[in-house]
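The values are calculated or read from the model by the stated rules, or taken from the named source; none is laboratory data. Just so it is clear, the model here is predicted, and its values are computed rather than measured. Cβ atoms come from the backbone with ideal geometry, glycine included; neighbour counts cover every protein chain shown. We work out accessible area using only protein heavy atoms, side chains counted, and drop any ligands, DNA or RNA first. Shrake-Rupley method; radii C 1.70, N 1.55, O 1.52, S 1.80 Å.
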Amino acid sequence: MRLGLIGLGRIGAYHAENLARMETVESLVVTDALTAVTAQVAQRFGFETADSPEALLRSGIDGVLIAAATEAHPSLIVAAVEAGIPVFCEKPVAREASESARVLAAVAGSGVPVQIGYPRRYDPAFAVARAAVAAGELGWLHTVRSTTLDPSPPPHGYVAGSGGIFRDCSVHDFDAVRWVTGQEVVEVFATGSNQGDPYFAEVGDVDTASAILTMSGGTIAVVSNSRYNARGYDVRLEVHGSKDSIAVGLEDRLPLRSVEPGVTFPAGVPYDFFMDRLGPAFRAELVAFTEVVAGIRPSPCTIADAVEVGLIAEACTLSRREHRPVTIEEVRV
């Protein structure tokens, strides 16, 4: 098939590299706001180029991947759907949950599939956890713990435009909790702190955050995030039920050091980057999109899913700011 890729920053360039290795992708047309970047990536992989997103959408592509700046996501999604082109878009759909809801309304009923990028859905262990919950192996769920700890903070410019830790980082945990448990979040209570770079506080953000999520089935989920986990990139999920408990990420490259006498686990080199930890999941995510484009499967992560995740992030942002519990209905537009 013939695909298009809009945006060639860190994640866009990573997608380009993975797409270049996929046998099902016969040709790829790329474009970026920086023409030099477009030319560099195209030359490296032998891709075609377009001088604008509009030109790319007119280039006879079967599907398009959007990895451009967040501000461009809403208009690009709508433009591609109006052109009848299946879409993969990196999270978030839009900066604010209300705008994401407007995008959902704009494309509803089009029949054109849109897939949003939440790669943990394609990680084998997360999939096994979801299947175990669905099969009832754990009984009723009482506690879920989801963790994303970055080894070092992103650049200042990224932080300033990220929308805050709940919208940028925690959303991956929120999506994983919803997807694995099959439950919706009904209420949140969130907090955060700053002990690192003062820049986070200057832009109204925090470098470390936690949220307690009350789920529709009565499960309590605890989400933990930080920009300062020096031992490595830590992505884990624990699911505890009345019959059994399971964990995702409990393996030799877990960036944690045991101080129990005689215990050598985990013994491997800790993960140090999200592409390191979730590389296979990112590749599987793209395979899934080619299947969506081919009409083999429906979108495995819809705009509606992303809207719900955005509402959780919105509620947590409000909760941290006002130091109180916030229901999802309070922030729903």
I need the Debye-formula profile for segment 1-128: one equal scatterer per C-alpha, no solvent, reported as log10 I(q)/I(0) at q = 0.13 1/Å, two decimals.
-0.52
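Sort Asp32, Asp244, Asp205 by accessible area with a 1.4 Å probe, largest first.
Working: Asp32 35, Asp244 75, Asp205 10 Å².
The most accessible residue leads, giving Asp244, Asp32, Asp205.
Could you check how much of the accessible area of segment 157-284 is carbon and sulfur, as a whole percent, using a 1.4 Å probe? Please report the intermediate quantities before stating the final value.
Details: 3080 of 5680 Å².
It is 54 percent, rounded to a whole number.
At 1.002 mPa s and 20 °C, plugging the Kirkwood radius over alpha-carbon pairs of segment 160-305 into Stokes-Einstein gives what diffusion coefficient in µm²/s? Could you put the intermediate results ahead of the total?
On the way: Rh = 17.7 Å.
It comes out at roughly 121 µm²/s.
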In the chain, what percentage of the DSSP-assigned beta bridges are antiparallel, given to the nearest 5?
55
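Just the number: Rg to Rh for the chain, Cα atoms, Kirkwood Rh, two decimals.
Working: Rg = 20.0 Å, Rh = 20.7 Å.
My calculation puts Rg/Rh at 0.96.
Once fully extended, how much extra length lies between Ala230 and Ala135, figured as 0.36 nm per residue of separation less the alpha-carbon to alpha-carbon distance?
Result for the pair: 30.5 nm of gain on full extension.
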Estimated FRET transfer efficiency when R0 is 56 angstrom, pair Leu318-Ala36 (beta carbons, to 0.05)
0.85
Can you find, among Ile66, Val25, Ser224, the residue farthest towards the positive end of the dipole of the chain? Put +1 on the C-beta of Lys and Arg, -1 on that of Asp and Glu.
Ser224
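State to the nearest 20 debye the size of the charge dipole of segment 1-116 about its Cα centre, where the only charges are +1 on K and R beta carbons and -1 on D and E beta carbons.
Working: 8 positive and 13 negative charges, 34 e Å.
So the magnitude is around 160 debye.
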Accessible area, 1.4 Å probe, largest first: how do His142, His15 sort?
His142, His15
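Compute the relative contact order of segment 148-271 as a whole-number percentage, counting only Cα pairs closer than 8 Å that sit 6 or more residues apart in sequence.
Details: 202 pairs, mean separation 32.4, N = 124.
That works out to 26 percent.
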For segment 240-308, what is the largest minus smallest coordinate of the Cα atoms on each principal axis, given in angstrom and ordered from greatest to least?
54, 33, 22
Hey, rough spin-label estimate for Ala83 and Thr327, points 7 angstrom out along Cα→Cβ, what's it come to in nanometres?
4.3
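Determine one quarter of the surface area of the Cα convex hull of segment 1-73, which equals its mean projected area, and express it in nm² to one decimal. Kindly include the intermediate steps, with their values, before the conclusion.
On the way: hull surface 16.9 nm².
Computed as one quarter of the Cα hull surface, the answer is 4.2 nm².
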Taking a virtual spin label 7 Å from the Cα of Tyr158 along the C-beta vector, which residues in segment 1-38 bring their backbone nitrogen under 17 Å of it?
7-16
With every protein chain kept in place and ligands, DNA and RNA left out, what is the accessible area per residue of segment 224-308? Probe 1.4 Å, answer in Å².
48
Suppose each label sits 7 Å from its Cα in the direction of the beta carbon; what would the Ala20-Thr191 distance come out to in nanometres?
4.8
Computing the accessible area with a 1.4 Å probe over protein heavy atoms, can you report the carbon and sulfur percentage for segment 1-97?
50
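Would you mind working out the accessible area per residue for segment 35-126, using a 1.4 Å probe, and quoting it in Å²?
Values: 3940 Å² over 92 residues.
Using a 1.4 Å probe on heavy atoms only, each residue of segment 35-126 averages 43 Å².
Arrange the residues Arg58, Arg167, Arg297, Arg120 by how much accessible surface each exposes, largest first, with a 1.4 angstrom probe. Mind dumping the intermediate values first?
Working: Arg58 180, Arg167 50, Arg297 90, Arg120 10 Å².
Final ranking, largest accessible area leading: Arg58, Arg297, Arg167, Arg120.
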